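Participant: Below: one structure in structure tokens.
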Amino acid sequence: MSKEKQGIDLLKFIGSIMIFTIHMAVFESFGEVQSAWELLGRWAVPVFFIASAYFLFSANNGSVEYANIKKYIYRIGMLYLFWFIFNLPNFICVRFLKRPPHTMYDFLMIAKNSVLSSTFTGSWYLLSSIFCAWLLFVLKKKMNTKQICLIAFLFQIICIFTSVYKGILPDQIRHIFSFWQFPLNIFGGLFYFAIGLFLAENQDLIYKAPKWKYSSIAVMSFLTYIVEINFAKHFAIYGGSDEAFSLIPLSVSVFILGMRSSVKIRNAKKLRNISTIIYCAQADILLAKVAISRIFEINFSLFLFGICSVIMVCIIAAVFWLQERKIWWAKYLT
């Protein structure tokens, strides 16, 4: 395995832990520390999208081959299906028990939201990856990559203005985008997927500048990201930190630094599989956290996270145990 891919595997592992800790609200008991921690880890999902697209398209020097797209969609689709089954308790609790549907319209809204966004925590990334891979395959037949990036950036602007600048939008426009589940919907990863395609076609750009320049870009982008978030909060237009203009150069520079790292991992495939399990298994663990907190009246976030971490380790061990015994469906969990 190339050093580039090993660097990305390590980056995705770190990113999966960051996302897990964000969703588990590990520093919730420490006030603003949790908000700062969320900002620190927001690069993770964009990097996941860029890496997925880069490795998908770089296998054929940037060409979008139907066979590769089909194989990718099947793999992510099966990953989504089996983890959806695993996370059914979370789906039932959130969609049916927390706010019980009463009419056919309510059921249609659940179906619509499940298709456009997610069925369990984090699953929007899997749905968006499938959709973006297919859409780029279709668009690539009629457009060049720069045109695709431009179109994708228009959707990225919508994502940004339904996240960090949500308060700017008139109520009617906000409701329309909310209906389509922006920013965390199937279009949420389109721009980053397009960036991955662009980098796959122009791999020399990754190695064109010295690493210190990309490090400088990452640091400056992160500082700008903090300013951007606080700017939105100051003017009472803040809606969330999932998307922002400064998050784009931050994510791209972090991805390139991961590609150019000289890290060597003895078992990179296992590390990659652990990252997948951590990301996909978090929904039911989040449900377990809520249940443990209410049953035992535990409110200290670090202690709850410790319990959740033990549960996660047990799930990881169980998946590997099943795979080692050649259980046919276990291969679809990673």
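Participant: Just add up the charged neighbours of Arg42: K/R +1, D/E -1, any other residue whose Cβ is under 10 Å from the Cβ of Arg42.
Facilitator: -3
Participant: Let me ask another. At what distance in angstrom do the alpha carbon centres of segment 208-246 and segment 29-43 lie from each other?
Facilitator: So the separation of the two Cα centres works out to 14 Å.
Participant: In addition: Given charges of +1 on the Cβ of Lys and Arg and -1 on the Cβ of Asp and Glu, with all other atoms neutral, how large is the dipole of segment 1-145 about its Cα centre, in debye to the nearest 20?
Facilitator: Its charge dipole is roughly 580 debye.
Participant: Within the set of other residues whose C-beta is less than 13 Å from the C-beta of Ser221, count the net charge using Lys and Arg as +1 and Asp and Glu as -1.
Facilitator: +1
Participant: By average Cβ neighbour count within 10 Å, what is the ranking of 97-110, 46-59 from highest down?
Facilitator: The peptides rank, most packed first, as 46-59, 97-110.
Participant: At 222 nm, what helix-only mean residue ellipticity would the chain give, in deg cm²/dmol to the nearest 500, using -39500 (n - 2.57) for each DSSP H run of four or more?
Facilitator: -23000 deg cm²/dmol
Participant: Hey, what do the phi angles of segment 44-49 turn into as Karplus ³J(HN,Hα) couplings, whole Hz, using 6.51/-1.76/1.60 and θ = phi - 60°, x for Gly and Pro?
Facilitator: Along segment 44-49, the couplings run 4, 5, x, 5, 4, 5 Hz.
Participant: Determine, for each peptide in 24-31, 326-333, the mean count of other beta carbons within 10 angstrom over its residues, then list the peptides with the highest first.
Facilitator: Descending mean neighbour count gives 24-31, 326-333.
Participant: Related question: If you put +1 on each Lys and Arg Cβ and -1 on each Asp and Glu Cβ, how big is the dipole of the chain around its Cα centre, in Debye rounded to 20?
Facilitator: The dipole magnitude comes to about 1040 debye.
Participant: When only C-alpha pairs under 8 Å and at least 6 residues apart count, what is the relative contact order of the chain, in percent?
Facilitator: Reported as a whole number, the value is 32 percent.
Participant: When Lys and Arg each count +1 and Asp and Glu each count -1, what net charge do the other residues less than 12 Å away from Ile110, Cβ to Cβ, add up to?
Facilitator: Result for the neighbourhood of Ile110: +3.
Participant: Among the trypsin sites (Lys or Arg not before Pro) in segment 110-164, which ones are in a DSSP loop with at most 13 other Cβ atoms within 10 Å of the Cβ? Mind listing them?
Facilitator: Lys141, Lys142
Participant: Number of Lys-Lys pairs in segment 137-218 under 29 Å by Cα, sequence gap 8 or more or different chains?
Facilitator: 6
Quick note: the coordinates plus some simple rules give every number you see, no bench work behind them. Fair warning: this is a prediction, and the values are worked out from it, not measured in the lab. Note: ideal-geometry Cβ built from the backbone for every residue, glycine included; neighbour counts use all protein chains shown.
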